[in-house]
1. Kindly check whether there is at least one residue in the range 213-232 that is touching a residue at least 60 places away in the same chain (Cβ under 8 Å), in a helix (DSSP H, G or I) and either surrounded by 15 or more Cβ atoms within 10 Å (Cβ to Cβ) or not hydrophobic (A, V, I, L, M, F, W, C) (or both).
2. Please name all residue pairs, on different chains or six or more residues apart, with Cβ atoms under 9 Å, provided the first residue is in the range 329-358 and is over 18 Å from L241 (Cβ atoms) and the second residue is aliphatic (A, V, I, L, M) and part of a loop (DSSP other than H, G, I, E, B).
3. Tell me the residue from P264, P303, P340, P253 that is under 21 Å from the mean Cα position of the chain (by Cα) and on the phi < 0 side of the Ramachandran plot, please.
4. For the range 255-285: of the residues being of a type in the set (A, V, I, L, M) and assigned to a strand (DSSP E or B), which is nearest to A356 (Cα to Cα)?
5. Suppose we filter the range 104-136 for residues that are charged (D, E, K, R), assigned to a loop (DSSP other than H, G, I, E, B) and surrounded by 20 or more Cβ atoms within 10 Å (Cβ to Cβ); how many remain?
6. Among the candidates S34, S45, single out the residue that is surrounded by fewer than 19 Cβ atoms within 10 Å (Cβ to Cβ), modelled with pLDDT of 95 or more and hydroxyl-bearing (S, T, Y).
7. Where residues in the range 165-175 are outside any strand (DSSP E or B) and free of Cβ contacts under 8 Å to residues at least 40 places away in the same chain, which of them is surrounded by the most Cβ atoms within 10 Å (Cβ to Cβ)?
8. Does L370 fit the bill of being touching a helix residue (DSSP H, G or I) at 6+ places or on another chain (Cβ under 9 Å), crowded, with 17+ Cβ neighbours inside 10 Å and assigned by TED's automatic domain parsing to the domain that holds A223?
Amino acid sequence: MLTKFPNKMPAMRIAILATHPIQYNAPLFRELASRQSVDPRVFYSWKGTETSIDPEFGRTIKWDIPLLEGYPWEMVPNVSRDEGTHHFGGLNNPDMNRRVEEWNPDALLVYGWAWRTHLKAMRYFKGRVPVILRGDSTLMTSNKAWWKRLFRKPALQWVYSNVDFALSPGQQNHAYLRAMGMPENRIRWMPHAIDTQRFSPNIDVYQAGADQIRRDNGIASDAHTYLFAGKLVLRKDVDTLLVAFRKLVAKYPRARLLIAGDGPERQRLQAITADLPQVTFLGFRNQAEMPAVYLAGDTVVLPSRNETWGLAVNEALSLARTVVASDRVGAAPDLLAGKPYARVFACGQASGLENALQEFLVDRSTLVKLGSLAREDSAAWSIPAAADSVLELLWEIADLRCPPARDGYSS
């Protein structure tokens, strides 16, 4: 945690424009609100999936952990006829800029630009207050036709011309920002963070929950168990995982695979594994259950075709799990590459995935050692570390706007 900024400094007011309450963002907002040197207020564009259908889960989702406690926030009315983050017009809040301006912030932090309200706010506040963008887009190949990609880049470069600073989570996003014309000296690192205290392997109730999951599904204590946790949609490429696992259990029949999540592909995936008793579908599990779900597995697998980051990787490492991920997972270069507790395979290559899975069929003591290393490394990607990144940029902005040194401030 930062200590170089004295508490008697005037708190900088930062308006945070966010799509909707999200389980990954709320801990950071609470952390910022707890720091005496910053005064945050979150302006939400949408109530979220509690009141509408999540297009990938195919159902309404009401999270079972508090998302609106511990920090100041406002819910600005959304007039879109089809609310949500699945299309540009899904966030349409005509009153947003006025509400933010009335609060008189020193800076504006925007989470993502690809919605009407967010882009309008960036354009309106550019030149009025510093505009900071937080995103995780990458240059990894998309499914768009080549001609759409050709014309998309100039448009994106125009979008990023409305940004003063970008907070980048890692190497893939940094390369993307540079390609979009962001100068190097305007990019700052801010870790994609989770609540590492909540995702701790040392909380007894989580381990008890994990043991119960294994007992309920007939998993022996010494059976190596792989876990996929996420939405059951095509881009997650659970198909390649199932092909690889089918080959693996032909050699190691005691191995098990747990699949936690729901989505439009669930029924089809269950059908093609009907002859594989080693595969168990756990269904949708809410946030309070997730630490126990991760601990029920030994190795977490994220085989995605396109994953801008993949916070499941952070959660798995924080819980001292080994991880296997495809090279299309944005977190891979930063969190997994070259690590003894991780393997990265070529996306869509079942043989490569099978080999990676097999490498973690080791004795329990080795898994424990690898898990301890993973947990130790994950500390750098914590909520306090992310808050420190925000504060460092805010005080840099303060110096740029107010060159004379303030009383009591030392850089």
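The values are calculated or read from the model by the stated rules, or taken from the named source; none is laboratory data. Computed from a prediction, not measured in an experiment: that's the story for all the values here. All Cβ positions, even for glycine, are placed from backbone atoms using ideal geometry, and neighbour counts span all protein chains on display.
1. Among the residues of the range 213-232, at least one is touching a residue at least 60 places away in the same chain (Cβ under 8 Å), in a helix (DSSP H, G or I) and either surrounded by 15 or more Cβ atoms within 10 Å (Cβ to Cβ) or not hydrophobic (A, V, I, L, M, F, W, C) (or both), which makes the answer yes.
2. Listed by first residue and then by second, the contacts come to G330/M140; Y341/A320.
3. Testing whether each residue is under 21 Å from the mean Cα position of the chain (by Cα) and on the phi < 0 side of the Ramachandran plot leaves just P303.
4. As a first pass, look at the range 255-285 and keep what is of a type in the set (A, V, I, L, M): 255, 257-260, 269, 271-272, 274, 276, 279, 282.
Adding the requirement that they be assigned to a strand (DSSP E or B) leaves 257-260, 279, 282.
Values: L257: 14, L258: 17, I259: 18, A260: 20, V279: 18, L282: 23 Å.
Filtering the range 255-285 for residues that are of a type in the set (A, V, I, L, M) and assigned to a strand (DSSP E or B), the one nearest to A356 (Cα to Cα) comes out as L257.
5. Looking only at that region, the number is 1.
6. Matching residue, one of S34, S45: S34.
7. So the residue we want is H174.
8. For L370, the condition - touching a helix residue (DSSP H, G or I) at 6+ places or on another chain (Cβ under 9 Å), crowded, with 17+ Cβ neighbours inside 10 Å and assigned by TED's automatic domain parsing to the domain that holds A223 - is not met.
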